[in-house]
1. Out of curiosity, is residue A:144 more than 30 Å from residue A:483 (Cβ to Cβ), within 16 Å of ligand 1 (Cβ to nearest atom) and touching a strand residue (DSSP E or B) at 6+ places or on another chain (Cβ under 9 Å)?
2. Does residue A:170 satisfy the criteria of being in contact with a helix residue (DSSP H, G or I) (Cβ under 9 Å, 6 or more places away or on another chain) and not in a helix (DSSP H, G or I)?
3. Would you point out the residue of segment B:222-244, among those that are closer than 22 Å to residue B:146 by Cβ and within 11 Å of chain A (Cβ to nearest Cβ), that is modelled with the lowest pLDDT?
4. From the set of residues in segment B:265-288 that are outside any helix (DSSP H, G or I) and either facing another protein chain (nearest Cβ under 9 Å) or modelled with pLDDT under 95 (or both), which is surrounded by the fewest Cβ atoms within 10 Å (Cβ to Cβ)?
5. Can you give me the number of residues within segment A:55-66 that are closer than 23 Å to residue A:4 by Cβ, more than 16 Å from ligand 2 (Cβ to nearest atom) and surrounded by 14 or more Cβ atoms within 10 Å (Cβ to Cβ)?
6. Name the residue that is modelled with the lowest pLDDT, counting only residues in segment A:107-129 that are assigned to a loop (DSSP other than H, G, I, E, B) and buried (at least 16 other Cβ atoms within 10 Å of the Cβ).
7. Answer yes or no as to whether residue A:99 is within 16 Å of ligand 2 (Cβ to nearest atom) and away from chain B (no Cβ under 14 Å).
8. Filtering segment A:334-372 down to residues that are within 13 Å of chain B (Cβ to nearest Cβ) and either assigned to a strand (DSSP E or B) or closer than 22 Å to residue A:237 by Cβ (or both), which residue is farthest from ligand 2 (Cβ to nearest atom)?
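The values are calculated or read from the model by the stated rules, or taken from the named source; none is laboratory data. Small disclaimer: the values here were computed from a predicted structure and weren't measured. Heads up, the Cβs are rebuilt from the backbone with ideal geometry, glycines too, and the neighbour counts pull from every protein chain shown.
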Ligand code: SF4
Ligand code: SF4
């Protein structure tokens with residue numbers, strides 16, 4: 001069934017100089033030059049509104065606008081709902097989407113406000129006083145022990161040291177490009193934080209960034225071998241992902257080309273489908289076995305992270321993980337991004353990260369085992385203030401991926417699953433990949449994190465806190481606005497004015 | 001209705017003062033009371049108190065519980081509970097002097113107790129732990145009973161009022177201690193409640209504190225994992241529990257404890273020789289939630305000594321004076337000059353630098 005396109009390409013012909021940049025830049029083949037009429041034409045039905053042409057047009061001749069030709073308005077059957085039904089009636093297929101859930105569901109970060117010092121204690125000026133953001137992730141001992149001479153025995157379970165409480169979350173080589181991985185790896189290493197390989201293995205060129213790499217082991221075990229496990233600073237077992245809890249990953253064969261296939265250790269061109277569960281983990285005691293197998297394989301040198309999607313009984317699940325031998329729990333909220341996921345799952349499964357994080361932190365404290373594990377939260381952490389709120393709710397650190405993609409040039413067009421990312425990120429087409437220059441990509445990531453670090457310090461200084469550890473779990477620094485009693489109770493914060 | 005202490009978190013400014021004899025000489029409370037007079041404006045009459053060490057030599061083997069009761073029935077209820085776990089060695093009124101400045105007094109008792117061995121065996125805990133658990137239980141669960149001091153051979157004395165009046169009220173000139181600490185409080189909004197005054201005590205640890213810490217909830221939520229209950233929502237309470245947890249339960253030294261509470265900055269730590277660097281890094285890594293930020297100056301009293309500590313940025317004043325066997329500590333130099341008019345050696349410790357004073361071994 002044919003519809004009027006979702007977007008319209010508006011070209012100001014008096015400005016257009018027929019340079020054909022838009023034509024060359026658009027992987028979706030929206031623009032072309034009509035030599036007879038000496039005019040640029042476009043097929044708007046192919047447009048995904050990635051803004052590549054708009055950004056590169058030298059004369060600002062282009063804009064992409066939302067088309068106003070819609071089906072008859074209906075608050076129950078929205079334009080999109082109806083068109084999805086038409087599409088499914090036509091194809092019989094499952095709808096696919098990418099990036100995070102775009103629907104207007106509550107964003108609790110935006111309903112939480114941060115405290116500042118007035119009169120009774122002084123704010124601290126981060127430009128004039130030291131302001132510390134270093135964090136360690138990992139298990140802390142129950143009791144200190146001493147050496148024979150009485151000095152402290154400073155041996156600890158393996159820890160991950162970060163210069164600030166933010167890391168780049170898992171995005172596999174395959175779902176994103178070589179240059180995107182290079183940018184993330186270089187930036188993480190310059191910043192003293194970590195990036196995460198995702199489930200696609202680690203390209204041999206990036207082993208040198210191992211100290212700042214988290215290597216992931218997912219249900220498909222793609223790219224997992226001894227050297228890979230030993231290459232990183234930590235190992236992450238991916239049990240689930242916020243954007244698609246309960247299902248595995250899917251890399252289409254078109255993306256499994258060349259080095260991607262080699263790194264994943266799969267035949268070129270074959271679909272890489274990781275199963276929904278780990279087939280060796282059907283319960284919590286199985287998870288414990290995998291945690292310890294990985295520790296054995298790496299001689300207990302590396303912390304093990306268990307990443308789960310935020311689902312309904314996340315607190316109980318986290319409590320089980322905290323007792324499984326894992327050193328760090330990563331919780332991924334339902335607004336987290338993805339390279340490809342079934343639309344229905346992305347938009348309807350899981351719960352937001354804020355209540356999930358609050359519930360997990362509280363449950364682990366109630367059980368007295370909060371010190372057994374560190375908590376990393378992700379699933380739409382968009383800014384320095386989101387980070388500060390997450391830490392105050394109880395997280396040790398945050399994972400960001402969408403924000404990192406944006407730093408590298410992503411325009412959130414949500415078409416990663418097509419493999420034709422015009423910004424060189426979610427694609428394997430060499431002509432597109434080379435659009436992302438890793439020198440620039442890594443510098444932009446470094447800039448973003450530098451900016452956030454400054455903002456985190458200013459927010460902390462305003463609260464009179466000069467080290468990030470005094471903010472962690474400090475919920476008194478937060479107040480809710482427009483939240484129900486129940487929501488406040490779950491978040492463990494008071495309402496503004498209380 | 002204005003919420004009570006414990007129902008709401010109340011920030012307050014304060015004055016602190018302390019004196020200790022390194023020779024273990026015992027001195028009456030006159031001087032420490034006088035030291036609070038020049039700092040009158042640092043308090044607002046809503047709380048004052050003292051802690052004294054070495055005051056009960058004849059009962060030094062027993063835990064001295066100082067308790068406020070709202071009325072007789074609270075007292076009966078509390079004593080019934082105590083008798084389940086402890087032998088009551090002595091149960092008496094704490095003598096006071098009626099003065100117009102101090103009103104609305106509760107029943108104030110002093111009870112010397114000794115833990116029952118059978119109970120300790122049954123619960124498989126040591127006697128200090130039994131005292132801590134019982135006191136926490138009384139304070140959290142028995143409405144109208146509040147144990148405000150529970151150490152051996154020491155005691156706290158506190159009330160709603162200016163500190164110098166509180167001192168006279170409790171007749172502190174009649175007690176002899178080798179170490180005194182004092183506190184005057186400036187809470188920003190609190191109905192007078194005697195239990196809310198400082199010092200705050202746990203076993204032989206007592207804390208007087210001036211400041212408002214910004215790490216409060218991070219500290220509270222951590223320490224409550226280990227059986228402590230922050231019923232008063234005050235900084236002093238949580239700092240006392242932190243001290244008890246680190247010193248008694250984890251077995252850290254005072255210096256190590258100071259390096260947790262007022263940890264050196266990473267820039268300082270990273271510049272230290274390898275062994276020290278490892279030690280400081282370890283402490284910050286293992287006890288991150290016990291770092292205390294925001295302005296504070298605290299004096300931690302314990303059996304045989306005290307430790308004074310400022311926050312890492314030194315956002316609150318604190319000066320030290322030394323003369324012969326005496327060490328004086330106060331928010332303001334004026335307070336020290338009252339206790340030792342001719343003193344020469346007065347200095348300010350740096351932020352985060354603990355000043356630890358110990359009485360000679362065997363002298364307390
Ligand atoms: S990029 Fe701009 S100026 Fe160039 S052809 Fe396209 S619309 Fe015209
Ligand atoms: S990564 Fe590329 S395809 Fe995916 S949303 Fe961003 S710009 Fe679009």
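1. Details: more than 30 Å from residue A:483 (Cβ to Cβ): yes; within 16 Å of ligand 1 (Cβ to nearest atom): no; touching a strand residue (DSSP E or B) at 6+ places or on another chain (Cβ under 9 Å): yes.
So residue A:144 does not fit the description; no.
2. Values: in contact with a helix residue (DSSP H, G or I) (Cβ under 9 Å, 6 or more places away or on another chain): yes; not in a helix (DSSP H, G or I): yes.
Considered against the rule, which asks whether it is in contact with a helix residue (DSSP H, G or I) (Cβ under 9 Å, 6 or more places away or on another chain) and not in a helix (DSSP H, G or I), residue A:170 comes out as yes.
3. Residues of segment B:222-244 that are closer than 22 Å to residue B:146 by Cβ, as a first pass: B:223-224, B:226-244.
If we keep only those that are within 11 Å of chain A (Cβ to nearest Cβ) as well, we get B:223-224, B:226-227, B:233, B:235.
On the way: B:223: 95, B:224: 94, B:226: 92, B:227: 86, B:233: 78, B:235: 86.
If we take residues in segment B:222-244 being closer than 22 Å to residue B:146 by Cβ and within 11 Å of chain A (Cβ to nearest Cβ), then B:233 is modelled with the lowest pLDDT.
4. Within segment B:265-288, the subset outside any helix (DSSP H, G or I) is B:265, B:271-273, B:287.
Those left that are additionally either facing another protein chain (nearest Cβ under 9 Å) or modelled with pLDDT under 95 (or both): B:265, B:287.
Details: B:265: 18, B:287: 25.
So the residue we want is B:265.
5. Taking segment A:55-66 as the starting set, the residues that turn out to be closer than 23 Å to residue A:4 by Cβ are A:61-66.
From what is left, the residues that are more than 16 Å from ligand 2 (Cβ to nearest atom) are A:61-63, A:65-66.
When the remaining residues are screened for being surrounded by 14 or more Cβ atoms within 10 Å (Cβ to Cβ), the result is A:61-63.
So the count comes out to 3.
6. Residues of segment A:107-129 assigned to a loop (DSSP other than H, G, I, E, B): A:107, A:115-129.
From the residues that got through so far, the ones that are buried (at least 16 other Cβ atoms within 10 Å of the Cβ) too are A:115, A:117, A:120-124, A:126.
On the way: A:115: 94, A:117: 88, A:120: 76, A:121: 79, A:122: 82, A:123: 88, A:124: 88, A:126: 88.
It comes out as A:120.
7. Details: within 16 Å of ligand 2 (Cβ to nearest atom): yes; away from chain B (no Cβ under 14 Å): yes.
Against the criterion (within 16 Å of ligand 2 (Cβ to nearest atom) and away from chain B (no Cβ under 14 Å)), residue A:99 qualifies.
8. Filtering segment A:334-372 down to residues within 13 Å of chain B (Cβ to nearest Cβ) leaves A:358, A:361-372.
Checking which are either assigned to a strand (DSSP E or B) or closer than 22 Å to residue A:237 by Cβ (or both) leaves us with A:361, A:363-364, A:367, A:369-372.
On the way: A:361: 31, A:363: 35, A:364: 34, A:367: 40, A:369: 38, A:370: 36, A:371: 38, A:372: 36 Å.
The extreme case among them is A:367.
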